[in-house]
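Undergrad: Have a look at the structure that comes next, please.
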Number of protein chains: 2
Amino acid sequence: MAHVSIVGTGTMGQAISSVVAKGGNTVELIGHNDTDKALTGDVVVLAVPFPAIADVVATRGDELAGKVVVDITNPLNFETFDSLVTPADSSATAGLAASLPQSRVLKAFNTTFAATLASGAVGEVPTTVLIAGDDADAKSLLGGIVTAGGLRAVDAGALSRARELEALGFLQLTLAVGEKVSWTGGFAVVS
Amino acid sequence: MAHVSIVGTGTMGQAISSVVAKGGNTVELIGHNDTDKALTGDVVVLAVPFPAIADVVATRGDELAGKVVVDITNPLNFETFDSLVTPADSSATAGLAASLPQSRVLKAFNTTFAATLASGAVGEVPTTVLIAGDDADAKSLLGGIVTAGGLRAVDAGALSRARELEALGFLQLTLAVGEKVSWTGGFAVVS
């Protein structure tokens, strides 16, 4: 059984928490004011907006050493909705991995809207969580948690693929905000 | 009725040709050796691999002035399958648009495998062609051709969104080559 800490109690944190619990794994939700609570999970999901990641690293960086850390962020410029705030040749996840050299950092959940995690489907297609990272065991561990929770998991490649996952997440958000897709739809992965 | 020229007679060129014809629009396929044939379409789809685009611009650039030009390329490094060959902060389509200042350049069809254009479905989901570009009338014209041909068309935004469409096409190709999705599947757009 895996034990998962989720930092962030918003819509995505709650949805991911439900997936973990549904699979029979244990989960703790850590809120903004839980500064005195230790992160006890072997897997830690950072379910906070991109601008809050730096603060988590500053306050929890030492605690994250040795753990699998999952970045779910879409680092959009939410004022313009027309660009990412990360360097064009990098990704939010690559930046996080650089600042957490003792953690095994993965990208996941940034291409699945919360509603599709909760329902298990994008329209009529089973929800797939795309996972990128350089550590095969870490990806396998997270993939197992996702699969146990009733969703599909697909290994999307190395950590460098986080750049494309963030482009996909960005595009999907612009389509949803522009009402081209609904928040229960978006990009479904058809195997 | 629209008249479409398709430069390139490969799998994608043929699939797009079928979509155009199915919608009651007229289409001509221009092959590599048809150097003496004029491009008579109001819309010209460049259904050639990315490395061949420069040659089309060099030999057909003047002819493309005043036309709607559709770039379908995924500019992968096909040796490594691990990166795009375009600058990280740009796209193949942006490069093409810069070299064809008198054309209205669109990105489309790079996120739909040929089989999904032919069948009209990604798995069980109707195939959606994502179209990016800066000219609303050009997008509307191409969208109408696609819709008449039995597919869905979604305006994915400005020409700058071609960068994200190319990231999506890149990711989708890596998933197909890695057998994580089939060539009849991939990313479906669920409205």
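Undergrad: At 1.4 Å probe size, with every protein chain present, just tell me what the per residue accessible area of the protein assembly as shown comes to in Å².
TA: Details: 15310 Å² over 382 residues.
Here the per-residue accessible area is 40 Å².
Undergrad: Follow-up. What is segment B:25-105 by shape, rounded, prolate or oblate, if you read a ≥ b ≥ c off the alpha carbon gyration tensor as root eigenvalues and call it rounded for a/c under 1.5, prolate for a/b larger than b/c, and oblate otherwise? The partial results should precede the final answer.
TA: Values: a/c = 2.15, a/b = 1.59, b/c = 1.35.
Cα axes put segment B:25-105 in the prolate bin.
Undergrad: Now for a different question. What fraction, in whole percent, of alpha-carbon pairs in the protein assembly as shown exceed 35 Å separation? All intermediate terms of the calculation are to be shown ahead of the outcome.
TA: On the way: 19602 of 72771 pairs.
In whole percent, the long-distance tail amounts to 27.
Undergrad: Could you check how much of the accessible area of segment A:3-177 is carbon and sulfur, as a whole percent, using a 1.4 Å probe?
TA: Numbers: 3560 of 6800 Å².
Carbon and sulfur: 52 percent of the exposed surface of segment A:3-177.
Undergrad: Here's another thing I want to ask about it. Taking both sides together, what accessible area is buried at the A/B interface, probe 1.4 Å, expressed in Å² and rounded to the nearest 100?
TA: Values: alone 8910 and 8910 Å², together 15310 Å².
Approximately 2500 Å², summed over both chains.
Undergrad: Run through the DSSP bridge list for segment A:3-177 and note the antiparallel percent, rounded to the nearest 5. Each step should come with its number before you reach the end.
TA: Numbers: 5 of 27 bridges.
About 20 percent, rounded to the nearest 5.
Undergrad: Now for a separate question. Run the label-point distances for B:Lys22 please: 7 Å along Cα to Cβ, every other copy, nanometres, shortest first.
TA: The answer, with the shortest distance listed first, is 3.4 nm.
Undergrad: Would you mind classifying segment B:39-177 by shape? Square roots of the alpha carbon gyration tensor eigenvalues, ordered a ≥ b ≥ c; an a/c under 1.5 is rounded, otherwise it is prolate if a/b is larger than b/c and oblate if not.
TA: On the way: a/c = 1.65, a/b = 1.08, b/c = 1.52.
Oblate.
Undergrad: Moving on. Sequence gap of 8 or more, or different chains, plus Cα separation below 23 Å: how many lysine pairs satisfy both in the protein assembly as shown?
TA: Close lysine pairs found across the protein assembly as shown: 18.
Undergrad: When the helices in chain A are scored as -39500 (n - 2.57) per DSSP H run of 4 or longer and the sum is shared across all residues, what 222 nm value do you end up with, to the nearest 500 deg cm²/dmol? Mind dumping the intermediate values first?
TA: Values: 6 runs with 70 residues, N = 191.
It comes out at -11500 deg cm²/dmol, rounded to the nearest 500.
Undergrad: Treating only the Cβ of Lys, Arg, Asp and Glu as charged (+1, +1, -1, -1), what charge dipole size does segment A:3-177 show about its Cα centre? Round to the nearest 20 debye.
TA: 340 debye
Undergrad: Please identify the longest segment of chain B free of exposed GluC sites (Glu not before Pro), where exposed means a DSSP state other than H, G, I, E or B and no more than 16 other Cβ atoms within 10 Å. Working shown, then result.
TA: Values: sites that count: B:Glu79, B:Glu124, B:Glu179.
The longest uninterrupted stretch comes out as B:1-78.
The values are calculated or read from the model by the stated rules, or taken from the named source; none is laboratory data. None of these values were measured; they are calculated from a predicted model. Note that each Cβ is placed from the backbone with ideal geometry, even for glycine, and that neighbours are counted across all protein chains shown. We work out accessible area using only protein heavy atoms, side chains counted, and drop any ligands, DNA or RNA first. Shrake-Rupley method; radii C 1.70, N 1.55, O 1.52, S 1.80 Å.
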